[in-house]
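The block underneath contains the structure these notes are about, expressed in structure tokens.
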Amino acid sequence: MKKAIFPGSFDPITLGHFDIVERGVSLFDELIIAIGVNSDKKYMFSLEERIKFIEDCFKDNPKIKVVTYKGLTVDFCTKNKVDFILRGLRNPADFEFEKAIAHTNRDLAPVETIFLLTAASTSYISSSIVREVIRHGGDYTKLVPKTVRI
Ligand code: ADP
């Protein structure tokens, strides 16, 4: 059984994440969307809100699960017998950042990172831009799945 984890903050989930999940799920038997919990980080949306946005989004797909985790992603993978980490790439900055993390993860555990290139239509979207639009009262609904409403 091929299990993958798609880790992230998802504060909130965007159409960019949605695209990676929709395309990535066909590669695996199970895709676990894992919300990393970092107690030092300030989030716009509570953990419960972030979970609900994602669960509502994929409720019709039994291959997709949503969990939260603390600590290293590779430790989560080892404990839960997950062999693959799914990540999205938008630009060269993402590539450099992800490359260092993927190499480190390979040093720590036998886990392969699979990268999907962003869809052209969502390549500019990030959770931080969405938060900025929300803060200033802009129309964020164009950037996120329908389940993200405030
Ligand atoms: P993190 O805090 O780990 O960066 P994010 O929630 O911002 O978490 O992102 C999780 C994953 O989704 C990362 O691999 C990121 O590159 C990817 N991602 C975010 N936005 C997009 C997008 N618009 N297109 C493709 N991948 C994306």
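The values are calculated or read from the model by the stated rules, or taken from the named source; none is laboratory data. Note that the structure is predicted; figures quoted are calculated from it, not measured. Every residue, glycine as well, gets a Cβ built from its backbone with ideal geometry; the counts of neighbours run over all protein chains shown.
How many of the residues in the stretch 1-19 are outside any loop (DSSP other than H, G, I, E, B) and either over 8 Å from the mean Cα position of the chain (by Cα) or not hydrophobic (A, V, I, L, M, F, W, C) (or both)?
10
Residues to consider are Val25, Val82; find the one that is assigned to a helix (DSSP H, G or I), of a type in the set (A, V, I, L, M), over 30 Å from Arg135 (Cβ atoms) and away from the ligand (no atom under 11 Å from the Cβ).
Of the residues listed, the single one that is assigned to a helix (DSSP H, G or I), of a type in the set (A, V, I, L, M), over 30 Å from Arg135 (Cβ atoms) and away from the ligand (no atom under 11 Å from the Cβ) is Val25.
Condition check: touching a strand residue (DSSP E or B) at 6+ places or on another chain (Cβ under 8 Å), in contact (Cβ under 8 Å) with a residue 24 or more places away in the chain, of a type in the set (Phe, Trp, Tyr) and in a loop (DSSP other than H, G, I, E, B). Does Phe45 satisfy that?
Criteria not met by Phe45.
Kindly establish whether Ile125 is within 10 Å of the ligand (Cβ to nearest atom), surrounded by 12 or more Cβ atoms within 10 Å (Cβ to Cβ) and at pLDDT 95 or above.
yes
Of the residues in the stretch 115-140, how many are closer than 27 Å to Phe84 by Cβ, without any contact (Cβ under 8 Å) to a residue 60 or more places away in the chain and not hydroxyl-bearing (Ser, Thr, Tyr)?
Count: 3.
Mind listing just one residue for me: the one in the stretch 133-142 that is closer than 16 Å to Phe45 by Cα and under 19 Å from the mean Cα position of the chain (by Cα) and, of those, surrounded by the most Cβ atoms within 10 Å (Cβ to Cβ)?
Of everything passing the filter in the stretch 133-142, Tyr140 is surrounded by the most Cβ atoms within 10 Å (Cβ to Cβ).
So which residues in the stretch 85-122 are among the hydrophobic types (A, V, I, L, M, F, W, C), assigned to a loop (DSSP other than H, G, I, E, B) and near the ligand (Cβ under 9 Å from one of its atoms), if there are any at all?
Scanning the stretch 85-122 gives a single hit, Ala119.
Tell me yes or no: at least one residue of the stretch 106-120 is farther than 28 Å from Lys63 by Cα and surrounded by 13 or more Cβ atoms within 10 Å (Cβ to Cβ).
Checked against the condition, which is being farther than 28 Å from Lys63 by Cα and surrounded by 13 or more Cβ atoms within 10 Å (Cβ to Cβ), the stretch 106-120 yields no hits at all.
Is it fair to say Glu112 is in contact (Cβ under 8 Å) with a residue 12 or more places away in the chain, farther than 25 Å from Lys42 by Cβ and of a type outside the set (A, V, I, L, M)?
Against the criterion (in contact (Cβ under 8 Å) with a residue 12 or more places away in the chain, farther than 25 Å from Lys42 by Cβ and of a type outside the set (A, V, I, L, M)), Glu112 qualifies.
Return the pairs, sorted by first residue and then second, in which the second residue is in a strand (DSSP E or B) and among the hydrophobic types (A, V, I, L, M, F, W, C), the first residue lies in the stretch 1-17 and is over 16 Å from Ile114 (Cα atoms), the beta carbons are less than 9 Å apart, and the residues are 6+ apart or on different chains.
Ser9/Ile35; Phe10/Ile33; Phe10/Ile35; Asp11/Ile35; Ile13/Ile33
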